[in-house]
Structure formats: C-alpha cells, structure tokens
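Taking it in order: structure first as structure tokens, then the write-up.
The values are calculated or read from the model by the stated rules, or taken from the named source; none is laboratory data. For clarity, every value in this text was computed on a predicted model and none was experimentally measured. When we count neighbours, we look across all protein chains shown, and the Cβ atoms used for this are built from the backbone with ideal geometry, even at glycine. Quick note on the areas: whole protein, heavy atoms, side chains included, nothing else; ligands and nucleic acids left out. Shrake-Rupley method; radii C 1.70, N 1.55, O 1.52, S 1.80 Å.
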Amino acid sequence: DTMLKDEDGKDVSLRGLIDKPTILTLNYFRCTGLCTPLLNGVVDFLNQIGLEPGKDFQVVTLSFDPSDTPEIAHQKRANYLKQMKRQYPPSAWRFLTGEAQASRKIADSVGFNYRAEGDQFVHPEAIIVLTPKGMVSRYLYGISFLPADVSMAVREVILIPSTASIL
C-alpha cells in the first residue's frame, strides 16, 4: 500500500497496479552503469515474447532513487516504448518513482538490496516476476534474458497457489 508516483505524477500503489503476472524491475533513471542495458534487455525480450502485454502480463519499473521524478519517468517510458517493434500498450509498462522510504520498503519486500555510494547506487541486475497477488515467483539475473525463460516464468505464476500477498 506504499504510495508512489506514476509517470504522470499520479499517486499509485504497487498493490493497486498488480492484477496479473508482473515483471518488476528496480532501477534508477540516471544510472551510468547497468540500468540502461537491463532496460534495453527488457525491450529485447518484450519484442520477442509470445505473450500479450497488458493481458497476459505487465511490466513495472520502479526507481529507487528519490531524486528521480515523474517527469523523468515519463520521458524514460516514452524512450523505451519507442524502441518497441510490436504493438505495446503504454499501460502495460509503468514507470514509477517514490520517496526513499517508499522505494526501500518495496525493494526490501521483494528481496532487492541496494546501497548508495556517493551519488550512485550499487545494486544487482535482475527482473523479478510477481504473481497477481504480489508474491515473488522468480528472479532472473543479468541484463539480457531469453524470451522463452521470461515467458515460462510468467506462465508458471498461474500455477502457484496465491493465497497470500507480500505487497
């Protein structure tokens, strides 16, 4: 129920957005390291995956940098949606920002660790697959992902009993 800001500056909660299998990425938008290659990797598998975005799954990218703003998130989303080679509804890939405490709470709840070092952050590179109830189903580490692996991870969340929620 932690409140965040979407790419249009509206208040949203992650719990309120998750109603289908969700691929969660935690990044920060001014990253000079691996965040951009990871998001490019997301575009690559989204262009190839045989699932219907917005119906079968969605993607949520959350910045854990409190200096990132909804305006920056809006521009990032527009840049990545331009790279799509298939029909991809904007509502199927959300870019969120939040206060440091809110982002930390969500990162901790999904087991994603990061720490500030100077004006940068040290963090792993991964996508996290969530069930429609917000439970972590799978971590896929790296900056590039096989479409078949992502597809299988998304499809298998339907098989997981989801009586509890962590978000």
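Couplings 3J(HN,Hα) for region 65-71, derived from phi with the Karplus relation 6.51 cos²θ - 1.76 cosθ + 1.60 (θ = phi - 60°), are 9, x, 7, 6, 10, x, 5 Hz, where x marks Gly and Pro.
Taking a straight line from the alpha carbon of K85, these lysines sit under 26 Å away, with near neighbours fewer than eight places off in the same chain left out: K20, K55, K76. Placing dummy labels 7 Å off each Cα toward the beta-carbon, the span from E52 to A78 is 2.9 nm. Extension gain for V122-R155 works out to 8.8 nm (0.36 nm per residue, less the C-alpha to C-alpha distance). When both region 91-112 and region 61-80 are represented by their alpha-carbon centers, they are found 12 Å apart.
Note that the chain presents 48 Å² accessible area per residue, ligands and nucleic acids not counted, probe 1.4 Å.
Taking amide H as placed 1.01 Å from N in the peptide plane, V12 has its amide H under 5 Å from the amide H of L4, K5, D6, each at least 5 places away in sequence or on another chain. Rolling a 1.4 Å probe over the protein heavy atoms of region 1-91, with every protein chain left in place, gives an accessible area that is 49 percent carbon and sulfur. Coupling constants for region 138-143 follow from the phi torsions by the Karplus curve (6.51 cos²θ - 1.76 cosθ + 1.60, θ = phi - 60°), and in residue order they are 7, 10, 10, 8, x, 10 Hz; glycine and proline get x.
Under a model in which nothing but the beta-carbon of Lys, Arg (+1) and Asp, Glu (-1) is charged, region 54-117 shows a dipole of about 400 debye around its Cα centre. Charge dipole of the chain (Cα centre as origin; +1 on each Lys and Arg Cβ, -1 on each Asp and Glu Cβ, all else neutral): 340 debye, rounded to the nearest 20. Across region 92-100, coupling constants 3J(HN,Hα) worked out from phi with the 6.51/-1.76/1.60 Karplus curve, θ = phi - 60°, read 8, 9, 9, 10, 10, 10, x, 5, 3 Hz, and Gly and Pro carry x.
Taking one quarter of the surface of the C-alpha convex hull of the chain gives a mean projected area of 8.5 nm². Distant-in-sequence amide contacts of T61, defined by a placed amide H-H separation under 5 Å and a gap of 5 or more residues or a different chain, comprise T25, R94, F95, L96.
Using C-alpha pairs under 8 Å with a sequence gap of at least 6, the mean separation divided by the residue count of region 1-100 gives a relative contact order of 39 percent. Basic side chains Lys and Arg get +1 at the Cβ, acidic Asp and Glu get -1 at the Cβ, and with that the dipole of region 1-72 about its Cα centre reaches some 140 debye. With every protein chain in place and a 1.4 angstrom probe, the accessible-area ranking of D1, D149, largest first, reads D1, D149.
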